[in-house]
Amino acid sequence: MKVVFATCDALPAGDGDDDALVGALADVGVHASWAAWGTSTPADLVVLRSTWDYPERLPEFLAWCDAEPALVNPASVVRWNTDKAYLVDLARHGVPVVPTAVAGPGFADWPDGEFVVKPTVGAGSRGALRVAAGDHETAAAHLAALAAPALVQPYQSHVDSVGETAMVFLGGQYSHAFTKGAMLTPDAEYDESGLYIVERLAGASPSPAQRRVAEDVLDAAAELTGLRRPDFLYARVDLIPGPDHAPLLLELELVEPSLGFRHTDATAPLRFASAVRTALSRR
Ligand SMILES: Nc1ncnc2c1ncn2[C@@H]1O[C@H](COP(=O)(O)OP(=O)(O)O)[C@@H](O)[C@H]1O
Ligand SMILES: [Mg+2]
């Protein structure tokens with residue numbers, strides 16, 4: 001059994017976080033190797049990993065996904081999840097989401113306090129701008145510079161003290177969690193590939209309220225994409241505290257999330273390997 005981990009040219013073997021996966025898969029009889037997305041590589045399963053340069057080449061990326069029948073998560077999920085307007089779908093479905101407006105040219109309905117303007121298609125915090133309350137000129141200029149619809153959200157300031165909690169699901173089941181420090185801070189720095197702002201990560205034990213919201217998010221995503229939860233080889237639910245500290249969904253990552261294997265215990269790669277075997281058995 002052969003699995004390809006899809007990455008991008010700038011990170012030929014990923015960013016290091018997935019290093020334990022190749023061995024964990026070899027232990028259960030699966031050969032895994034890395035290849036940059038864009039060309040077709042024969043494999044029983046093509047697993048999206050660090051394909052972090054796709055936001056600038058989205059049509060090409062989606063066409064490549066469509067042409068990879070063994071892709072996980074599947075192309076239909078990638079199409080839905082690469083446009084952050086999916087947050088509006090999830091909010092309509094009853095999930096507690098950070099209040100989100102999709103802004104096109106001429107948008108003027110800026111939130112009252114501090115807020116964020118960020119691309120609808122984005123990764124690694126690129127293009128996300130934190131705007132001071134009332135600075136509509138800066139916001140409008142950023143919206144125009146993005147030259148595409150953007151998301152506008154009130155800035156959830158409790159993230160500055162407690163950060164964001166990323167909860168990882170493998171094969172539809174909760175596996176582990178980690179926290180990420182606030183990204184839109186004055187000391188933010190890019191990694192050397194320029195593809196993402198360096199993240200401050202640590203293992204985490206989510207609260208019951210966070211676990212509940214994350215489970216609800218997975219159910220809602222399965223319903224909206226017409227899949228069942230086990231069909232998601234991986235999913236990452238990113239939560240931040242709202243004004244009353246109750247968890248709100250910031251992102252549901254079904255395309256190429258970093259899964260935080262470096263920040264959790266050594267059994268997580270074993271669960272990933274088992275989830276891959278399950279995915280292989282269902283093909
Ligand atoms: N509404 C918000 N309130 C507080 N912080 C935010 C908000 N939106 C984005 N951020 C910060 O910016 C980072 C990147 O935004 P995110 O929506 O996760 O996009 P991506 O990770 O896909 O680039 C988040 O990890 C968070 O630190
Ligand atoms: Mg994010």
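The values are calculated or read from the model by the stated rules, or taken from the named source; none is laboratory data. This is a predicted model, so every value here is computed, not measured. Methodologically, a virtual Cβ is constructed for each residue, glycine included, from the backbone with ideal geometry; neighbour enumeration extends over all protein chains shown. The protein model used for the area step is the full one, side chains on, heavy atoms only, and it has no ligands, DNA or RNA in it. Shrake-Rupley method; radii C 1.70, N 1.55, O 1.52, S 1.80 Å.
Pairs only if they're at least six apart or on different chains, beta carbon under 8 angstrom, first in the range 114-132 and farther than 16 Å from Ala147 by Cβ, second surrounded by fewer than 17 Cβ atoms within 10 Å (Cβ to Cβ) and acidic (Asp, Glu); list them, first residue then second.
Arg130/Glu114; Val131/Glu114; Ala132/Glu114
I'm trying to understand the selection: among the residues of the range 249-276, which are more than 20 Å from Gly163 (Cβ to Cβ) and of a type in the set (Val, Ile, Thr)?
The answer is Val255, Thr267, Val276.
Working only within the range 129-140, note down all residues that are open to solvent by 40 Å² or more (accessible area, probe 1.4 Å), in contact with a strand residue (DSSP E or B) (Cβ under 7 Å, 6 or more places away or on another chain) and away from ligand 2 (no atom under 16 Å from the Cβ).
Matches in the range 129-140: Thr138 only.
Within the range 262-273, identify whether any single residue is open to solvent by less than 20 Å² (accessible area, probe 1.4 Å), outside any loop (DSSP other than H, G, I, E, B), aliphatic (A, V, I, L, M) and under 30 Å from Ala26 (Cα atoms), and answer yes or no.
Checked the range 262-273: at least one residue is open to solvent by less than 20 Å² (accessible area, probe 1.4 Å), outside any loop (DSSP other than H, G, I, E, B), aliphatic (A, V, I, L, M) and under 30 Å from Ala26 (Cα atoms).
For the subset of the range 244-261 comprising residues that are outside any loop (DSSP other than H, G, I, E, B) and of a type in the set (A, V, I, L, M, F, W, C), which member is nearest to ligand 2 (Cβ to nearest atom)?
Applying the filter and picking the extreme gives Leu250.
For the range 235-261, what are the residues that are open to solvent by less than 60 Å² (accessible area, probe 1.4 Å), touching a helix residue (DSSP H, G or I) at 6+ places or on another chain (Cβ under 9 Å) and farther than 22 Å from Thr51 by Cβ?
Across the range 235-261, the qualifying residues are Leu239, Ile240, Pro241, Ala246, Pro247, Leu248, Leu249.
In this structure, is Val255 of a type outside the set (Asp, Glu), more than 14 Å from ligand 1 (Cβ to nearest atom) and not assigned by TED's automatic domain parsing to the domain that holds Val121?
For Val255, the condition - of a type outside the set (Asp, Glu), more than 14 Å from ligand 1 (Cβ to nearest atom) and not assigned by TED's automatic domain parsing to the domain that holds Val121 - is not met.
Taking the range 141-151 only, how many residues are touching a residue at least 12 places away in the same chain (Cβ under 8 Å), open to solvent by 30 Å² or more (accessible area, probe 1.4 Å) and small (Gly, Ala, Ser)?
So the answer is 2.
Tell me yes or no: at least one residue of the range 93-103 is open to solvent by less than 30 Å² (accessible area, probe 1.4 Å), modelled with pLDDT of 95 or more, under 10 Å from Leu151 (Cα atoms) and not β-branched (Val, Ile, Thr).
yes
Limited to the range 104-128, what total is found for residues that are within 9 Å of ligand 1 (Cβ to nearest atom) and open to solvent by 50 Å² or more (accessible area, probe 1.4 Å)?
Selection size over the range 104-128: 1.
Can you give me the number of residues within the range 63-84 that are within 16 Å of Ala220 (Cα to Cα), open to solvent by 30 Å² or more (accessible area, probe 1.4 Å) and out of contact with any helix residue (DSSP H, G or I) (no Cβ under 9 Å at 6 or more places or on another chain)?
0
To keep it simple, each residue is scored yes or no on (1) open to solvent by 40 Å² or more (accessible area, probe 1.4 Å); (2) over 18 Å from Ser258 (Cβ atoms).
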site	(1), (2)
Phe178	no, no
Gly181	no, no
Glu189	yes, no
Leu195	no, no
Leu201	yes, no
Ser207	yes, yes
Val213	no, yes
Asp216	yes, yes
